[in-house]
Structure formats: C-alpha cells, structure tokens
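The values are calculated or read from the model by the stated rules, or taken from the named source; none is laboratory data. Computed from a predicted model, the values in this text were never measured in an experiment. Note that we place each Cβ from the backbone using ideal geometry, even for glycine, and neighbour counts take in every protein chain shown. Side chains are part of the model used for accessible areas, which takes the heavy atoms of the whole protein and leaves out ligands, DNA and RNA. Shrake-Rupley method; radii C 1.70, N 1.55, O 1.52, S 1.80 Å.
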Amino acid sequence: MSVEAEYKLEMRADGATLSGVMRLVSPAAYRSALAAVHDQIDAATGPLELDLAGLQFLNSSGITALSRLVMQARERSVTMTVIIDEQVSWQKKTLPSLARLYPKLTLKGR
Amino acid sequence: MDLVGQVGDTLTPQDPAERLSKLRVELLPIDLIVQWRRCSKMADFLAGYFEYHFEDRPVAAQVLSTGLNELIENLAKFSANKQKPVSIEINHYGELLTVTTENEAARPQTTALRARLARMATTDPEELFLEQLEHTASSDRAASGLGLINLKKDYGARLAAEIRAVPDDPERFVVSLQLELNVDAIERG
C-alpha cells in the first residue's frame with residue numbers, strides 16, 4: 001500500500017477512468033475534481049462507462065461525490081456501466097449500494 | 001468531567017489482560033487540516049501496524065485503512081479547537097478490534113453525532129446509507145455524514161459514544177467515540 005499515491009482521472013470518448021487513492025477533504029472538493037465527468041454526463045448522447053477498478057481507496061466524501069454522478073446520470077437518463085475490481089474492499093462493499101440509486105447503472109467486474 | 005450522555009450500540013466489555021496489541025496516538029487537528037493527506041498517511045500507518053494480526057494482510061490493511069481514515073477525518077473536521085490534541089487508540093483482543101477516538105466538539109456537532117448514533121442503533125444501515133446519500137447529494141456541506149454509517153453497513157461495526165461536559169464551557173463537550181469490529185469481518189474484506 002502506497003501512502004504517496006494520488007488519484008488520476010483519464011477522460012475517454014465514452015467515459016472516464018479513475019485510479020489511485022482519492023481522499024479529498026469534502027464533497028465540494030470532489031465536485032471540482034470530477035467536473036469533467038459531470039460535463040460528460042451533461043453532454044452524453046449514449047451510454048457511458050466509469051472505470052473505477054484501479055481506485056484503491058475512496059473516502060465517504062468521495063462516495064457522496066460518486067452518488068452525485070449517479071444521480072446526474074439518473075436525471076438525464078444516461079445509461080452507465082461502472083467497472084469494478086471485487087478484490088478492492090470498498091468497491092465490493094459500497095458500489096452495489098450505490099447502484100440501487102439508479103436501475104440503469106450496471107456494475108461489471110474487471 | 002461529568003458524563004452527560006451515552007448513545008449508540010451496546011459494546012462488548014473487554015478485559016485489558018486479554019489484549020494482544022495496543023496503540024495510542026495523539027494528534028493536533030490543525031496538522032491534519034493544513035495537510036489533509038496526513039489523515040490518509042496516519043490511517044495507512046495504523047492499518048499497517050495492525051495488519052500483522054491477520055492472515056490476509058492486504059485485505060485487512062484495506063479495511064482498516066478505510067475505517068481509520070474516516071475516524072481521523074472526523075477528528076480533524078469536528079474538533080472545536082484545532083490546536084487541542086485529539087487521540088485515537090486501537091486495541092486488538094483476538095476476536096475483536098476496538099478503536100476509541102477522543103476530541104472536544106462544539107454543541108451543534110455533539111448534538112448531531114448523538115442523533116446520528118441513536119438513529120444508527122435502531123435503523124437498517126443500508127436504508128440509512130441510501131437516505132444519507134440522497135440528502136447529502138443535494139447539499140455542499142463540509143462533511144458527507146456517511147463515514148460512520150458506511151462502517152456499520154459495510155463491516156458491521158458497532159458504534160457508541162460517551163459525551164462529557166467540559167468544565168467552565170457549557171458549549172463544548174469531550175466526545176469519546178468507540179468503535180468495535182469483529183476480526184472476521186475485517187478478514188472478509
């Protein structure tokens with residue numbers, strides 16, 4: 001486990017990949033960090049894929065931030081697939097609960 | 001200091017003679033506020049210290065770091081005086097791991113914590129988690145309010161708090177938050 005690791009956000013045409021360690025100070029801090037993903041959901045004309053498999057840690061403020069993305073996709077009726085790694089504890093435990101917010105969100109193992 | 005309230009789950013009494021490991025750390029909240037990543041670094045350090053008790057060390061380290069980080073972030077955010085030391089103590093009893101944090105908090109934060117723990121003790125954590133997500137998604141508060149609920153939902157943590165009066169300051173309280181985790185829940189990841 002690396003305490004020096006930080007997060008990395010890579011935008012793709014059909015979604016985004018988030019990896020590393022993301023423990024920002026507040027939900028508001030995540031809003032700016034994930035602004036590009038919010039913009040992509042706003043502009044989406046088809047399904048999007050959010051790859052979180054490489055995200056080793058996310059704090060509870062980050063879970064709130066993810067829920068905001070999911071709710072935005074729900075409001076805009078954007079179908080979303082979230083790629084997860086079931087070896088990562090928080091992903092295995094928390095993301096199935098998050099998926100209950102939006103029936104058009106599918107979790108897919110890497 | 002006078003005890004003014006106890007709230008939360010019923011915790012298992014422990015015999016200090018049966019303790020396998022103990023670690024207690026004092027921190028200044030201001031250090032965490034100035035460099036937020038210190039929360040994560042401290043959580044990783046404490047998790048790394050205790051992971052040797054577990055067969056699947058990487059999984060235990062993930063779970064412990066996740067939980068401890070939430071508690072340390074709360075100490076930073078909810079301490080009324082950012083220059084007054086706060087503490088975190090971890091004890092390992094074989095079947096159980098306990099974590100106790102202590103800090104001084106202002107009345108509104110203390111009242112909110114009491115209400116949250118009382119609700120958590122009687123409400124399905126999954127239901128509470130979804131309710132809190134819907135609530136916080138529409139606000140920009142400094143804290144999500146999800147951390148403790150998540151520990152209960154994901155790892156079956158039992159949580160309780162003792163609230164004590166601060167002499168000569170009716171608006172502040174010493175909050176001792178106790179968390180208890182079954183070791184097998186940590187090992188399942």
Highest GNM mean-square fluctuation, chain B, Cα pairs closer than 10 Å: which of B:34, B:174, B:99?
-> B:34
For the pair residue B:121 and residue B:17, what calculated FRET efficiency results from E = 1/(1 + (r/R0)^6), where r is the Cβ-Cβ distance and R0 = 30 Å, to the nearest 0.05?
-> 0.55
Estimated distance in nm for a label pair at residue B:166 and residue B:52, the labels positioned 7 Å out from Cα along Cα-to-Cβ | 3.7 nm
iface A-B | buried accessible area, total | probe 1.4 Å | Å², round 100 | 2900 Å²
Charge dipole (debye, nearest 20) of chain A; +1 at Cβ of Lys and Arg, -1 at Cβ of Asp and Glu = 380 debye
What is the Cα centroid distance between the range B:57-83 and the range B:102-151, reported in whole angstrom?
-> 15 Å
Does the protein assembly as shown come out rounded, prolate or oblate, given a ≥ b ≥ c as the square roots of the eigenvalues of its C-alpha gyration tensor, rounded meaning a/c under 1.5 and, failing that, prolate meaning a/b above b/c?
-> prolate
Rounded, prolate or oblate (a/c below 1.5 giving rounded, otherwise prolate when a/b exceeds b/c) for the range A:27-110 by Cα gyration tensor = oblate
Solvent-accessible area per residue for chain B (1.4 angstrom probe, square angstrom) = 46 Å²
Which whole-number percent is the relative contact order of chain B (Cα, under 8 Å, 6+ apart)?
-> 32 percent
Taking the alpha-carbon centre of each part, the distance from the range A:1-70 to the range B:1-52 in Å is 29 Å
Pick out, in residue order, every one of the GluC sites (Glu not before Pro) in chain A that is DSSP loop and has at most 15 other C-beta atoms within 10 Å; say none if there are none.
-> A:4, A:6, A:86
For the protein assembly as shown, percent of DSSP beta bridges that are antiparallel (nearest 5) comes out at 75 percent
Exposed loop GluC sites (Glu not before Pro) only (DSSP loop, at most 12 other Cβ atoms within 10 Å): please give the longest stretch of chain B free of them, not including the sites.
-> B:96-189
If you roll a 1.4 Å probe over the protein assembly as shown with all protein chains in place, what percent of the accessible area is carbon or sulfur?
-> 49 percent
Rounded to the nearest 5, what % of the DSSP beta bridges within chain B are antiparallel ones?
-> 100 percent
Within the range A:8-109, the percent of DSSP beta bridges that are antiparallel, given to the nearest 5, stands at 25 percent
Using 0.36 nm per residue of separation minus the Cα-Cα distance, give me the extension gain between residue B:107 and residue B:36 in nm, one decimal.
-> 23.1 nm
Accessible area per residue in Å² at 1.4 Å probe, computed on the range A:8-109 | 39 Å²
Assuming a ≥ b ≥ c are the square roots of the Cα gyration tensor eigenvalues, decide whether the range B:1-148 counts as rounded (a/c under 1.5), prolate (otherwise, with a/b larger than b/c) or oblate.
-> rounded
In the range B:120-189, which trypsin sites (Lys or Arg not before Pro) are in a loop and have at most 15 other Cβ atoms within 10 Å, using DSSP for the loop call?
-> B:141
